[in-house]
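Step one of this worksheet: look at the structure below.
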Amino acid sequence: MVLPVQTKNLQLVPRTREEVRAFIEHMSPEILKEVSATWLEMLENSGEIDPWIHGFTLIHKNSGTSVGSCGFKGPPDAAGMVEIAYAIDPEHQGKGYATEAAAALVGYAFASDLVHVVRAHTLPVVNASTRVLTKCGFQKIGEAIDPDDGLVWRWELKT
């Protein structure tokens with residue numbers, strides 16, 4: 001896969017390990033305690049650039065402005081599954097960027113030939129994220145208990 005990943009309006013620019021570490025250092029204690037210890041360990045053992053762990057900064061092509069971030073919750077597992085996550089800065093929400101980012105993550109994952117299932121979790125209510133996933137072809141397959149978020153809806157898209 002050629003990096004950065006391009007969409008209609010965005011470039012998904014891979015973040016470096018140092019960029020992610022710097023981001024974490026500036027988190028409030030309340031937010032930091034929500035970061036998975038497993039993921040932090042993966043971060044410390046990762047290479048300088050690893051899109052499966054570090055994710056991407058979303059850069060608007062025309063303005064060059066960062067509009068959010070997206071990525072995976074780790075590399076593909078033994079069954080070929082990855083989970084995606086995305087966040088659009090509040091001032092850039094409602095413009096379709098989350099849908100573009102989610103679709104780009106799916107494309108990146110399936111192009112790797114390591115992934116057969118892309119998964120996402122949302123709060124168990126209809127919201128912007130559920131609409132994004134539906135637009136990208138995901139199916140709600142049920143509920144799950146997330147160790148950090150409690151009850152969530154599980155969504156999947158298969159090759």
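Scan region 87-97 and give yes if some residue there is hydrophobic (A, V, I, L, M, F, W, C) and farther than 24 Å from I31 by Cα, otherwise no. Show your work before the answer.
First pass over region 87-97, keeping only residues hydrophobic (A, V, I, L, M, F, W, C): 87-88.
From the residues that got through so far, the ones that are farther than 24 Å from I31 by Cα too are none.
Looking through region 87-97, none of the residues is hydrophobic (A, V, I, L, M, F, W, C) and farther than 24 Å from I31 by Cα.
Tell me, please, whether a residue that is buried (at least 17 other Cβ atoms within 10 Å of the Cβ), in contact with a helix residue (DSSP H, G or I) (Cβ under 6 Å, 6 or more places away or on another chain) and not in a helix (DSSP H, G or I) can be found in region 103-116.
Yes, some residue in region 103-116 is buried (at least 17 other Cβ atoms within 10 Å of the Cβ), in contact with a helix residue (DSSP H, G or I) (Cβ under 6 Å, 6 or more places away or on another chain) and not in a helix (DSSP H, G or I).
When the residues of region 7-24 are filtered to those that are aliphatic (A, V, I, L, M) and part of a strand (DSSP E or B), which remaining residue is surrounded by the fewest Cβ atoms within 10 Å (Cβ to Cβ)?
Within region 7-24, the first condition is being aliphatic (A, V, I, L, M), and the residues that meet it are 10, 12-13, 20, 22, 24.
Pick out the ones that are also part of a strand (DSSP E or B) and you get 10, 12-13.
On the way: L10: 23, L12: 25, V13: 18.
Step by step, filter region 7-24, then rank; the result is V13.
I want to confirm something. Restricting to region 147-159 and keeping residues that are at pLDDT 95 or above and surrounded by fewer than 16 Cβ atoms within 10 Å (Cβ to Cβ), which single residue is nearest to the chain's Cα centre (by Cα)?
Step one: filter region 147-159 for residues at pLDDT 95 or above, giving 151-158.
Then keep just the ones that are surrounded by fewer than 16 Cβ atoms within 10 Å (Cβ to Cβ); that gives 151, 158.
Numbers: L151: 19, K158: 17 Å.
This residue is K158.
Would you check if there is a residue in region 133-140 being assigned to a strand (DSSP E or B) and under 20 Å from W52 (Cβ atoms)? Spell out how you get there, then give the answer.
Initial filter on region 133-140 (assigned to a strand (DSSP E or B)): 139-140.
Still in the list and also under 20 Å from W52 (Cβ atoms): none.
Within region 133-140, not a single residue is assigned to a strand (DSSP E or B) and under 20 Å from W52 (Cβ atoms).
Output the number of the condition that A98 fails; it satisfies all remaining conditions of (1) of a type in the set (A, V, I, L, M); (2) outside any helix (DSSP H, G or I); (3) within 17 Å of the chain's Cα centre (by Cα).
(2)
List pairs: first in region 128-146 and within 15 Å of V118 (Cα to Cα) and at pLDDT 95 or above, second among the polar types (S, T, N, Q) and part of a helix (DSSP H, G or I), Cβ under 8 Å, 6+ apart or cross-chain?
V132/T99; K135/T99; C136/T99; K140/T130
If you scan region 117-132, which residues turn out to be surrounded by fewer than 16 Cβ atoms within 10 Å (Cβ to Cβ) and either out of contact with any strand residue (DSSP E or B) (no Cβ under 7 Å at 6 or more places or on another chain) or in a strand (DSSP E or B) (or both)?
Across region 117-132, the qualifying residues are V125, V126, N127, A128, R131.
Check R119 against each of (1) among the charged types (D, E, K, R); (2) more than 22 Å from D149 (Cβ to Cβ); (3) free of Cβ contacts under 8 Å to residues at least 60 places away in the same chain and name the one condition it does not meet.
Of (1) among the charged types (D, E, K, R); (2) more than 22 Å from D149 (Cβ to Cβ); (3) free of Cβ contacts under 8 Å to residues at least 60 places away in the same chain, only one is false for R119: (2).
Going through region 25-81 one residue at a time, which ones are polar (S, T, N, Q), out of contact with any helix residue (DSSP H, G or I) (no Cβ under 6 Å at 6 or more places or on another chain), surrounded by 13 or more Cβ atoms within 10 Å (Cβ to Cβ) and part of a loop (DSSP other than H, G, I, E, B)? Reasoning before the result, please.
Keep residues of region 25-81 that are polar (S, T, N, Q), which gives 28, 36, 38, 45-46, 57, 62-63, 65-66, 69.
Then drop every residue that is not out of contact with any helix residue (DSSP H, G or I) (no Cβ under 6 Å at 6 or more places or on another chain), which leaves 28, 36, 38, 45, 57, 62-63, 65-66, 69.
Retained after the next criterion (residues that are surrounded by 13 or more Cβ atoms within 10 Å (Cβ to Cβ)): 36, 57, 66, 69.
Matches in region 25-81: S36 only.
The values are calculated or read from the model by the stated rules, or taken from the named source; none is laboratory data. Just so it is clear, the model here is predicted, and its values are computed rather than measured. All Cβ positions, glycine included, derive from the backbone under ideal geometry; neighbour counts span all protein chains shown.
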